[in-house]
Amino acid sequence: MLTKMESEQRIVRLQQELRTKGLDGALFIYPIDVYYFSGTRQNSTLWIPATGNPLLFVRKSLVRALAESVIEETRPFPSSKEFPTLFGDEVKKIGITFDVVPVQQYNYYARLLPDREFVDISAVNRELRSVKSDWELTRMRRSGAQLSDVLRQVPQFLKEGMRELDLSAELEYRLRKAGSEGYVRMRAFNQELFQGLAVTGKTAGSPGFFDGPVTGRGLSSASPHGASTEAITVDTPVLIDFTGVFNGYIVDMTRIFVIGSLAPELERAFAAALAIQKCLAENLKPGAICEELFFTAAGMAEQAGLGQNFMGAPGENARFVGHGVGLELDEFPVLAQGFKVPLQAGQTIAIEPKFVFPGQGVVGIENTFAVTERGGEKITELPDGIVYL
């Protein structure tokens with residue numbers, strides 16, 4: 001559970017940002033944001049003034065919120081008449097996370113708090129959350145160890161002829177038995193993910209909505225992501241790209257398995273992916289510019305003659321090579337074109353250079369790293385090489 005000291009440090013950092021921006025406070029209604037500051041994910045609204053003590057208003061369950069929350073003033077959600085009286089006349093400008101708040105909810109709070117200006121603090125919130133404390137890094141290392149333990153078991157059950165779905169189900173089963181919570185929270189609109197991907201051969205390069213290099217065919221047009229009923233065959237790369245979610249914290253990793261052997265072209269592409277990962281990991285230091293790291297990776301792919309296959313099938317290429325992870329899968333920072341911000345110590349990033357060859361499959365690597373002064377600390381400790389069975 002979240003400690004009071006950890007919560008207070010997060011709130012102090014936010015309050016400093018609020019005062020710098022001339023805001024009188026921040027109102028959080030998105031569940032994982034409420035959890036980040038309070039320690040409970042119950043149906044609640046959190047008010048953090050720029051100066052002073054926060055208030056947590058709980059709709060359901062108050063009993064559980066009282067047991068979990070580290071916010072001293074945790075109370076039932078007030079009536080619509082009482083709610084405005086809890087905000088003094090001095091409160092004029094209120095921060096809110098427009099990136100995730102539905103218009104309906106915004107209108108509700110705008111009616112409750114008339115004559116106030118609501119200001120978007122989405123970037124402020126995400127930047128604060130991107131830097132992990134020692135407390136958070138300890139939990140992410142545990143998530144990495146647990147996920148690595150499960151992927152280490154794959155040679156025990158990966159067989160020729162089994163369906164992608166069977167492989168995915170076995171991974172999901174073992175992860176759940178290990179205590180993975182399964183919730184892969186994503187902040188981006190129109191993105192969904194069920195634990196991870198287990199895809200092979202021609203289905204691995206299937207185009208799709210998912211904002212990543214690999215989508216998979218999925219099981220239907222209503223669920224067009226992830227494993228399909230396609231059978232796994234010899235001499236074909238099997239890509240396993242799974243998350244581990246323990247105590248809310250997500251790590252992300254990919255490994256390649258093959259029953260038999262791989263075509264030389266695919267082995268060469270895998271070697272290029274390892275080289276890109278090594279270069280980026282060595283440069284995951286405070287001050288490195290995210291966009292420049294992406295351009296470095298894309299340039300290495302071009303030099304290897306694999307640019308059109310980098311991070312997606314030709315024409316379907318994703319424009320990033322790494323993404324922040326934590327309580328959500330798509331946290332800041334992003335190693336992407338247009339993301340011209342410097343890295344900070346304590347940020348955690350999944351680096352995933354991958355190459356997609358339609359009709360043949362996908363090869364690549366992914367590990368979660370922490371940004372340090374010495375370069376990336378690998379959190380998902382498992383050998384990177386292709387596993388041949």
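The values are calculated or read from the model by the stated rules, or taken from the named source; none is laboratory data. Predicted, not measured: the structure shown is a model, and the values here were computed from it. For neighbour counting, all protein chains shown are included, and Cβ atoms are generated from backbone atoms with ideal geometry for every residue, glycine included. For accessibility, only protein heavy atoms count, side chains too; no ligands or nucleic acids. Shrake-Rupley method; radii C 1.70, N 1.55, O 1.52, S 1.80 Å.
Quick notes on this one:
- Only one entry in 124, 100 is touching a residue at least 40 places away in the same chain (Cβ under 8 Å) and touching an Asp or Glu at 6+ places or on another chain (Cβ under 6 Å), namely 124.
- Qualifying residue in segment 227-239 (condition: among the acidic types (Asp, Glu) and within 21 Å of the chain's Cα centre (by Cα)): no
- Look at segment 339-361: where a residue is without any contact (Cβ under 8 Å) to a residue 60 or more places away in the chain and a partner is open to solvent by 10 Å² or more (accessible area, probe 1.4 Å) and among the small types (Gly, Ala, Ser), sitting 6+ places away or on another chain with Cβ atoms under 7 Å, you get 342/287; 342/288; 343/287; 343/288.
- For segment 71-117, a residue qualifies if it is open to solvent by less than 80 Å² (accessible area, probe 1.4 Å), within 31 Å of the chain's Cα centre (by Cα), of a type in the set (A, V, I, L, M, F, W, C) and farther than 17 Å from residue 50 by Cα, and the qualifying residues are 77, 100, 101, 110.
- Residue within segment 253-271 that is open to solvent by 10 Å² or more (accessible area, probe 1.4 Å), assigned to a helix (DSSP H, G or I), at pLDDT below 95 and charged (D, E, K, R) present: no
- From the list 20, 40, 51, 3, the lone residue that is open to solvent by less than 80 Å² (accessible area, probe 1.4 Å) and either over 22 Å from the mean Cα position of the chain (by Cα) or modelled with pLDDT under 95 (or both) is 3.
- Restricting segment 135-157 to residues that are open to solvent by 10 Å² or more (accessible area, probe 1.4 Å) and touching a Leu at 6+ places or on another chain (Cβ under 7 Å), the residue that is farthest from residue 195 (Cα to Cα): 155
- Some residue of segment 218-232 being of a type outside the set (Gly, Ala, Ser), more than 30 Å from residue 103 (Cα to Cα), surrounded by fewer than 21 Cβ atoms within 10 Å (Cβ to Cβ) and in contact with a Lys or Arg (Cβ under 8 Å, 6 or more places away or on another chain): yes
- Among the residues of segment 233-252, those that are under 28 Å from residue 161 (Cβ atoms), of a type outside the set (Asp, Glu) and open to solvent by 10 Å² or more (accessible area, probe 1.4 Å) comprise 233, 234, 236.
- When the residues of segment 272-287 are filtered to those that are in a loop (DSSP other than H, G, I, E, B) and in contact (Cβ under 8 Å) with a residue 60 or more places away in the chain, the one that is nearest to the chain's Cα centre (by Cα) is 284.
- Applying a threshold of 6 Å to beta carbon distances and a minimum spacing of six or more residues, or different chains, the list of pairs starting in segment 172-184 at a residue that is at positive phi and ending at one that is surrounded by 14 or more Cβ atoms within 10 Å (Cβ to Cβ) and part of a loop (DSSP other than H, G, I, E, B) reads 182/195.
- Tabulated pairs, segment 44-55, first among the acidic types (Asp, Glu), second at pLDDT 95 or above, C-beta under 9 angstrom, 6+ apart or interchain: none
- Residue 231 being touching a residue at least 60 places away in the same chain (Cβ under 8 Å), farther than 24 Å from residue 369 by Cβ and out of contact with any helix residue (DSSP H, G or I) (no Cβ under 7 Å at 6 or more places or on another chain): yes
- Selection of segment 303-349 for residues being among the hydrophobic types (A, V, I, L, M, F, W, C) and within 16 Å of residue 286 (Cα to Cα) yields 332, 334, 335, 339, 341, 343, 345, 349.
- Test for residue 334: is it farther than 19 Å from residue 239 by Cα and either out of contact with any Gly (no Cβ under 6 Å at 6 or more places or on another chain) or buried (at least 20 other Cβ atoms within 10 Å of the Cβ) (or both): yes
- Leading residue by the ranking (farthest from residue 102 (Cα to Cα)) among those in segment 175-191 that are under 17 Å from the mean Cα position of the chain (by Cα) and open to solvent by 100 Å² or more (accessible area, probe 1.4 Å): 183
- Filtered residues of segment 272-316 (kept if more than 30 Å from residue 128 (Cβ to Cβ), open to solvent by less than 50 Å² (accessible area, probe 1.4 Å) and of a type outside the set (Phe, Trp, Tyr)): 272, 273, 275, 299, 301, 304, 306, 307, 309, 312, 313
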